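A quick write-up on the structure given underneath.
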Amino acid sequence: MTEDGLGRSAARGAASTGVGVVVRIALQLVTVVLLARLLDEADFGLFAMVLAVIGVGELLRDAGLSSAAIQAPDLSARQRSNLFWSNTAIGLTLATLVLAGAPLVARLYGEPNLTAVTQALSVTFLLNAMTTQYRASLVRAMRFTAVATIDVLAPATALVVAVVAAAAGARYWALVTQQIVQAVVALVTCATVGRWLPDPRWHRGQGMRRFFRFGGFLLGSQLIGYVANNIDNVLIGRQLGKDVLGVYSRGFQVLMNPLNQVRTPSTTVALPALSRAGTGVQFDRIVRSGQLVLCYPITVGLGIVIGTAYPLVEVLLGPKWAGLPPILRLLAVAGAMQTIAYVGYWVYLSRGLTRQLMAYTTLTSVVKIVLVCLGAVWGFVGLGGEPLTDFFAGPPPDGSPGAVAWAPVAHSGAVGVAAGYALAATLEWPLSLWWLSRLTPLPTRALYGGAGRVLAIGSLVGLAAHGAVWALDALPSWTQVLAGAAAGAGVAAATTLVPRVRRDLGQLVHALRVALSRRR
């Protein structure tokens, strides 16, 4: 494919993927709002406990083979079938292990109800594993419109089922049903749109080693990152209880999940484009433009979230989630930093540097785990806790004399965890570019400069939004949210008067025009 053709394909893919992302974020927001009003903190806490432990199976069932298939310069039909059966075998094995090990999950948290929940969710490993190569084939072929459609249809169907179940009194089983329905719909639609069936035989001599090598190192880095990214959930659930974890997990549902709905599809577009771009000017241009397209809108949006956090939570979720705003603000900081660093992930994958990615992930994961643990202790002791031994002993039983007094202290511990998480992400983004620049040619100076401008604008937007909320403190919450959003958007618009920011905006506009162009 020519340079212009590759650029237009990537841009059109970004456009169709972007539309899907907007719809999915809207669905995610609707899901959070509806289910938060139909279910309570304990329901979300129980569900989050299971996901924090068995969610690692989602990485294992993929085993890095989807990215290996997308990134490969060539992929035969027999190799694709072999990859399908590899993922399916892994998924079946995981489903069996989780089904048998469900009582251990319940014992870890001291919650007997988790046994049945874990057993029910075990089937999703097999379903998602069977979907892996169908979806990878669509991405490899740059059929981004089909991928975006599937990624909207599956969660939308699952949301309808979950809301009906929650309204009928299913409690946390509504969340379980949502996951299973989404996995079933995704498999059926991907297989239907993909229009291919795997060969029932395993084909020897197909050069599979390169796929497994690529996937193995990628899986290693993902597993290490998973432990670091979920230590907060395990720590809060084990030591502070399901109610506090329910509040904390709502922060992720409101903020981090929508961010993943943006970042993951961005890899869907960037990986095949960068893998075909080779090295040099074209590669650098895609990386620089990709950073601006991804980071500017996200950081501006997160700045508004930070500035309007208190009235925003009250409007969306209601007064019973009053402990969430400080956590939400800290997670928004973490989300902005992670997004800026995300461009490096594209480079690692497109250039096959999965071994080096695993080494980098190991270092940053150790930093994250240490800071999260320190944040938990700081939040507990520094914000009102008593003896440190009480924290490590876990929460008092429900209904006990100390349970009521424990609640504000436990929420302070959750704030400390979020602070540690945000600090780790803040340290990670400059380190990521420095580390990567030592491994492969990269427009490091341009990426640092772009990130600096993005963060500066996001900070100004957050301050403007907060100022508007503070000035209108006596007015209804929805008025404060609208005023904060307007103030933040106004400041973002005013920054375009700065010549360098205006040039960035020009790149964004150019990318949009190319995406909408009908030229081949």
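A few comments on the model shown:
- Magnitude of the charge dipole for segment 91-217, about its Cα centre and with charges confined to Cβ atoms of Lys, Arg (+1) and Asp, Glu (-1), is about 620 debye.
- Segment 161-231: projected area of the alpha-carbon convex hull, averaged over directions, in nm²: 8.1
- For segment 294-311, 3J(HN,Hα) computed residue by residue from phi via the Karplus equation (6.51, -1.76, 1.60; θ = phi - 60°) reads 6, 8, 4, x, 5, 5, 4, x, 5, x, 5, 4, 4, x, 10, 3, 5, x Hz, glycine and proline entered as x.
- Net +/- balance of residues flanking residue 500 in space, Cβ distance below 14 Å, scoring K and R +1, D and E -1: +4
- You can think of it this way: the chain between residue 29 and residue 76 has 12.9 nm of extra reach, that is 0.36 nm per residue less the Cα-Cα gap.
- When you count the other C-beta atoms within 10 angstrom of each residue and take the mean per peptide, 293-305, 143-155 line up highest first as 293-305, 143-155.
- Most to least packed among 87-94, 308-315, 319-326, 195-202 [average Cβ atoms within 10 Å]: 308-315, 87-94, 319-326, 195-202
- Cβ crowding within 10 Å averaged over residues, with 127-138, 179-190, 39-50, 95-106 ranked highest first: 127-138, 39-50, 179-190, 95-106
- Estimated from the Cβ-Cβ distance and a Förster radius of 45 angstrom, the FRET efficiency linking residue 366 and residue 475 is about 0.45.
- Estimated from the Cβ-Cβ distance and a Förster radius of 22 angstrom, the FRET efficiency linking residue 459 and residue 320 is about 0.10.
- 3J(HN,Hα) along segment 434-449, derived from phi through the Karplus expression 6.51 cos²θ - 1.76 cosθ + 1.60 where θ = phi - 60°, amounts to 4, 4, 5, 5, 7, 9, 7, x, 7, x, 4, 4, 5, 6, 4, x Hz, with x in place of Gly and Pro.
Taken together, the values in this text are just the output of simple stated rules run on the coordinates, not laboratory data. Everything quoted here is computed from the prediction, not taken from an experiment. Neighbour counts run over all protein chains shown; Cβ positions are idealised from the backbone, glycine included.
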